[in-house]
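S.K.: My questions all concern the structure below.
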Amino acid sequence: MSHEVFMREALQLARDNIEAGGRPFGAVLVKDGRVIARAANSIHLDFDPTAHAELLAIRRASAVLGMSRLDGCVIYASGHPCPMCLAAMHLCGVEGAYFAYSNDDGEPFGLSTAAVYQQMTQPPQWQSVPLRALRPSGEEGLYNHWQEQRS
């Protein structure tokens, strides 16, 4: 199958999701030319703000493959992946991603994540969601304990 075939499937998932009352986002995750998982944004169904199509496809593919690493996988997404989805792709080893509609395409409809990207490039002290280190006194060794348990 070709890249375009997989992208058309992601776009159909997005169109179907619009008809179901959702947002225009669908994703197809492929490994070795075979669809492993497909998903549409489901925020409107379960009120989970992280229920983006790409994240749901990653979760489903991990379950199907029985592993958290998705090396060699490719994601086809109807829209430009947001920072959260892109970070998840990096963390699980997705090899690449294709998108049909850019942030610029979504901007007039309030669907752009460009402002989020811009915000995330700021130093922690300038972020709109403050990030502060806080380790209670006497707290130590968490990561050492984890490493010991893994050995």
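S.K.: For Gly79, enumerate residues with amide H under 5 Å from its amide H, sequence gap 5+ or separate chain, H modeled in the peptide plane.
M.R.: The answer is Gly26, Ala100, Tyr101.
S.K.: Relative contact order of the chain: what whole-number percent is it, with Cα pairs under 8 angstrom and at least 6 residues apart?
M.R.: Values: 231 pairs, mean separation 25.0, N = 151.
Relative CO of the chain lands at 17 percent.
S.K.: Express the carbon and sulfur contribution to the solvent-accessible surface of region 1-127 as a percent, rounded to the nearest whole number, probe 1.4 angstrom.
M.R.: On the way: 4170 of 7180 Å².
Carbon-and-sulfur percentage of accessible area, whole number: 58.
S.K.: Whole number please: convex hull volume per residue of the Cα set in the chain, in Å³? Can you show the working numbers first?
M.R.: Values: hull volume 23.2 nm³, N = 151.
Per residue, the Cα convex hull of the chain comes to 154 Å³.
S.K.: Follow-up question, since we're still on this one. Whose amide H sits under 5 Å from the amide H of Ala97, counting only residues 5 or more places off or on another chain, with H placed in the peptide plane?
M.R.: Ile75
S.K.: In what order, largest first, do Arg38, Arg8 sit by accessible area if the probe radius is 1.4 Å?
M.R.: Numbers: Arg38 110, Arg8 150 Å².
Heavy-atom accessible area, descending, gives Arg8, Arg38.
S.K.: Leaving out ligands and nucleic acids, note down the accessible area per residue over region 27-78 with a 1.4 angstrom probe, in whole Å². Kindly include the intermediate steps, with their values, before the conclusion.
M.R.: Details: 2360 Å² over 52 residues.
Heavy-atom SASA per residue in region 27-78 reads 45 Å².
S.K.: Hey, another quick one. Across region 36-45, in residue order, what do the Karplus-derived ³J(HN,Hα) couplings come to in whole Hz, using 6.51 cos²θ - 1.76 cosθ + 1.60 with θ = phi - 60° and x for Gly and Pro?
M.R.: 3J(HN,Hα) across region 36-45, in whole Hz: 9, 8, 9, 7, 10, 3, 10, 4, 5, 8.
S.K.: Which residue fluctuates most in the GNM of the chain (Cα springs below 10 Å): Gly138, Gly79, Gly93?
M.R.: Highest fluctuation of the listed residues: Gly138.
S.K.: Still on this structure, I have one more. Could you calculate the contour length gain from Asp48 to Arg69, that is, 0.36 nm times the residue separation minus the distance between their Cα atoms, to one decimal place in nm? Before the final figure, lay out the partial values.
M.R.: Working: separation 21, 0.36 × 21 = 7.56 nm, distance 2.34 nm.
In short, 5.2 nm is gained.
S.K.: Sort 55-67, 24-36 for me by packing, meaning the mean count of neighbouring Cβ atoms within 10 Å per residue, highest on top. Intermediate values should be presented prior to the final figure.
M.R.: On the way: 55-67: 17.9, 24-36: 20.9.
Final packing ranking: 24-36, 55-67.
S.K.: Still on this structure, please answer the following. List the residues whose amide H sits under 5 Å from the amide H of Ala37, counting only those 5 or more places along or on another chain, with H placed 1.01 Å from N in the peptide plane.
M.R.: Close amide H contacts, sequence-distant or interchain: Leu29.
S.K.: Under the Kirkwood approximation for Rh and a Cα-based Rg, what ratio Rg/Rh is obtained for region 95-137?
M.R.: 1.19
The values are calculated or read from the model by the stated rules, or taken from the named source; none is laboratory data. These figures come from a predicted structure and were not determined experimentally. Glycine also receives a Cβ, built like all others from the backbone with ideal geometry; neighbour counts cover every protein chain displayed. Just so you know, the surface numbers come from the protein's heavy atoms only, side chains and all, with ligands and any DNA or RNA stripped out. Shrake-Rupley method; radii C 1.70, N 1.55, O 1.52, S 1.80 Å.
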